[in-house]
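Here the structure comes first, spelled out in structure tokens, and everything after it is commentary.
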Amino acid sequence: MLFDTHAHLNDDAFKDDLEETIQRAKDNGVKLINVVGFDDKSIKSALEIASKYDEIYLTVGWHPVEAIDFTDEKYEMIKNIALTNEKVVAIGEIGLDYYWDKSPKDIQKYVFRKMITLAKEVNKPIVIHCRDAVGDVLEILKEENAKEIGGIMHSFSGSVDSMKIALKENFYISLAGPVTYKNAKQPKEVAKACPLDKLLIETDCPYLPPVPFRGKRNETGYVKYVAQEIADLRDMSYEELVKATYTNACKLFKI
């Protein structure tokens, strides 16, 4: 009953063995997968994959790194997909990324706000990408009253304090492979402190592989290692953790 709430199976890393990857995920207990499209190419391929597999749902949006390429036409395209494709469960990944410098910060903020507006129009939760920008992300979520639709802090790497702010804004906290890393202090603290009914798990594959796969391609079946680590940190059973995170995801995504 695992739900990988954030996967990039539409990435070129899976172009040669997508079917086998999905089968391995099933063999490892993964029941549902949310595939994310965040620019023209990845949205197109995400739509194709979701149309072929019953267990795959969709999130569509515009990534902050690509904000410089955003146009009104992109807005209408994403809005139309969200309104007409029943597989779309959220808008994302959207947010701010101050690590890469392709798109200026002011353009990123503009697109972020536009995507929140779009999500409200189509009544879908949002999936937040935040890198080196947690203060500005939380500020914009407040200013735009994003709690109205809520969503996910994807692959959350912030502190317990910033987690508490996100929770107040009606956001779930999703943890990925880094929670398994020996020196990942903050994700482990968050894993223990987050209310169980607000916790989600993901892979962000092919990125962020968990221990024992660091340095290799991540895949959606490895979400079980994230679940096991969090269960251990919280001193609870694997089965209980898996059931809770699956239920949480289905509730948020209205599945």
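Just so it is clear, none of the values below were taken in a lab; they were calculated from the coordinates. Bear in mind that the values here come from a model prediction, so they are computed numbers and not experimental data. Cβ atoms come from the backbone with ideal geometry, glycine included; neighbour counts cover every protein chain shown.
Before we move on, is residue 190 among the β-branched types (Val, Ile, Thr) and under 28 Å from residue 145 (Cβ atoms)? Spelling it out, residue 190 is indeed among the β-branched types (Val, Ile, Thr) and under 28 Å from residue 145 (Cβ atoms). Among the residues of segment 66-76, just one is farther than 11 Å from residue 39 by Cα and among the aliphatic types (A, V, I, L, M), namely 68. Might you check whether a residue that is closer than 19 Å to residue 226 by Cβ, in contact (Cβ under 8 Å) with a residue 40 or more places away in the chain and surrounded by fewer than 14 Cβ atoms within 10 Å (Cβ to Cβ) occurs anywhere in segment 8-15? Checked segment 8-15: no residue is closer than 19 Å to residue 226 by Cβ, in contact (Cβ under 8 Å) with a residue 40 or more places away in the chain and surrounded by fewer than 14 Cβ atoms within 10 Å (Cβ to Cβ). I'm checking my understanding of the structure. Among residues of segment 222-234 that are of a type outside the set (Ser, Thr, Tyr) and in contact with a Gly (Cβ under 8 Å, 6 or more places away or on another chain), which one is surrounded by the most Cβ atoms within 10 Å (Cβ to Cβ)? Only one residue tops the list, namely 226.
Out of curiosity, is residue 94 more than 15 Å from residue 7 (Cβ to Cβ), in contact (Cβ under 8 Å) with a residue 12 or more places away in the chain, assigned to a strand (DSSP E or B) and not aromatic (Phe, Trp, Tyr)? Before the answer, list the steps.
Details: more than 15 Å from residue 7 (Cβ to Cβ): yes; in contact (Cβ under 8 Å) with a residue 12 or more places away in the chain: yes; assigned to a strand (DSSP E or B): yes; not aromatic (Phe, Trp, Tyr): yes.
The answer is yes for residue 94.
Condition test on residue 81, is it within 24 Å of residue 145 (Cα to Cα) and surrounded by fewer than 17 Cβ atoms within 10 Å (Cβ to Cβ)? First the steps, then the outcome.
Details: within 24 Å of residue 145 (Cα to Cα): yes; surrounded by fewer than 17 Cβ atoms within 10 Å (Cβ to Cβ): no.
Against the criterion (within 24 Å of residue 145 (Cα to Cα) and surrounded by fewer than 17 Cβ atoms within 10 Å (Cβ to Cβ)), residue 81 does not qualify.
Here segment 32-78 is the region considered, the condition is being under 17 Å from residue 5 (Cα atoms) and among the acidic types (Asp, Glu), and the residue that is surrounded by the fewest Cβ atoms within 10 Å (Cβ to Cβ) is 54.
Filtered by the rule that a residue be surrounded by fewer than 22 Cβ atoms within 10 Å (Cβ to Cβ), within 16 Å of the chain's Cα centre (by Cα) and in contact (Cβ under 8 Å) with a residue 40 or more places away in the chain, segment 148-198 gives 150, 198.
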